[in-house]
Amino acid sequence: MSALALLVAVLLPAQFESGRAFAVPVSAVVHDRLVLWIDSDGSGFLTQAAVRRLRLATRAKMYGPHGTFARLPAFERSAWIPKPRAFAGDLRVIAPDAGDPIFAGLDGQLGASWLQDRIWLFDYPAGQLQLLSSLPQHPDSTVIRLLFEHDDRGRKIDGREYPALNLVVDGRSLRAAFDTAATVALRPAVAASLHDGWADVRATSFVTHALAARWHAAHPGWRFVHEASVAQGVDLINVPEVDAGPVRFRNVWFSTRPGDDVFEGEAVSVKLGPSAFGKERVILDYIDEQAIIMPAAS
């Protein structure tokens, strides 16, 4: 076929900012817009401030050791998003650090419990998010196999469907998380020096300090920005080529994190984020466990 096949798709209220994707539904009760970060490598939450503003009921549940939970409100039909499919639609209520610019303006986050069992099109160039009922067909599409943890019966684990993929960087194979929400806050001068048009708070990809140091030592010509210029515990390194199966991403910026905090309890040392794929049309297919890079819309 020479063009996209017809498919049923729902265009969801969304905004894309410097590679970061947000769902922005409108509450039918208080007629207030929510800003919900979309995180393929995390769980869902609502902020305490949003729960109070939207007058949502809360409940205590034992998902994990403890916690307070709430559910998304009803939404206006013209600015609607689906509800999470896991944990009965419950999202944990948290109070993020008010001084952290990464969380500024957020009402919550939609993670694995919302994304699972569905097919999504993240159209970064158009700034659109679509919920698909079937896959488009195009001869120039490229498929990346996604990897999920499965239980003893071979089923993906409900509410914990965090996609991973295999990468090759500098001739070495790596298992990486697929992270739509990977974000870094840069000093304005550093952001301006990258000449990419993105804001100070922007999408990134993550790497551990140890692996970033190994890359820097082996390739001193790769652009590297030390934490003294960025923020304490945050270095930047630009990797010229990152191969994900048949797809090659070029000039991918990776960031470290203070204390490698985003890697706690995980086996991976890399999280591939929108600094790699944030200028592409990306389908995340949780049903058939694949990511599809689509050609630019005509």
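Points worth noting:
- Most mobile of 241, 76, 264 in a GNM of the chain (Cα contacts under 10 Å): 264
- Rg/Rh for the chain (Cα atoms only, Rh after Kirkwood) is 0.95.
- Whole-Hz ³J(HN,Hα) from phi, Karplus 6.51 cos²θ - 1.76 cosθ + 1.60, for segment 159-170, glycine and proline x: x, 10, 8, 9, x, 10, 7, 9, 10, 10, 10, 6
- Under 5 Å, built H, 5+ apart or other chain: amide partners of residue 93: 46, 68, 69, 70
- Those residues of segment 263-298 whose amide nitrogen sits under 15 Å from the label point placed on residue 11, 7 Å along Cα→Cβ: 297-298
- In this rough spin-label picture, where each label sits 7 Å from Cα along the Cβ direction, the residue 145-residue 248 distance is 2.2 nm.
- Most mobile listed residue (89, 197, 245) in the chain, GNM with C-alpha springs under 10 Å: 197
- Where a label projected 7 Å from the Cα of residue 68 along Cα→Cβ would reach, residues of segment 26-58 with amide N under 17 Å: 45-58
- Springs between Cα atoms under 10 Å define the GNM used for the chain, and in it the highest mean-square fluctuation of 90, 152, 285 occurs at 152.
- Taking all protein chains into account, the per residue accessible area for the chain stands at 46 Å² (1.4 Å probe).
- Solvent-accessible surface ranking, highest first, for 162, 286 at 1.4 angstrom: 162, 286
- For segment 1-154: rounded, prolate or oblate by the Cα gyration tensor [a/c cutoff 1.5]: prolate
- For segment 36-108, the square roots of the Cα gyration tensor eigenvalues, ordered a ≥ b ≥ c, give a/c below 1.5, which places it in the rounded category.
- Cα-based Lys proximity count in the chain, under 22 Å, for pairs eight or more positions apart or on separate chains: 4
The values are calculated or read from the model by the stated rules, or taken from the named source; none is laboratory data. Just so we're clear, the structure is a prediction, and the values are computed from it rather than from any experiment. FYI the Cβ positions are ideal-geometry reconstructions off the backbone, even for glycines, and counts take in every protein chain you see. Ligands, DNA and RNA are excluded from the accessible area calculation, which covers all protein heavy atoms including side chains. Shrake-Rupley method; radii C 1.70, N 1.55, O 1.52, S 1.80 Å.
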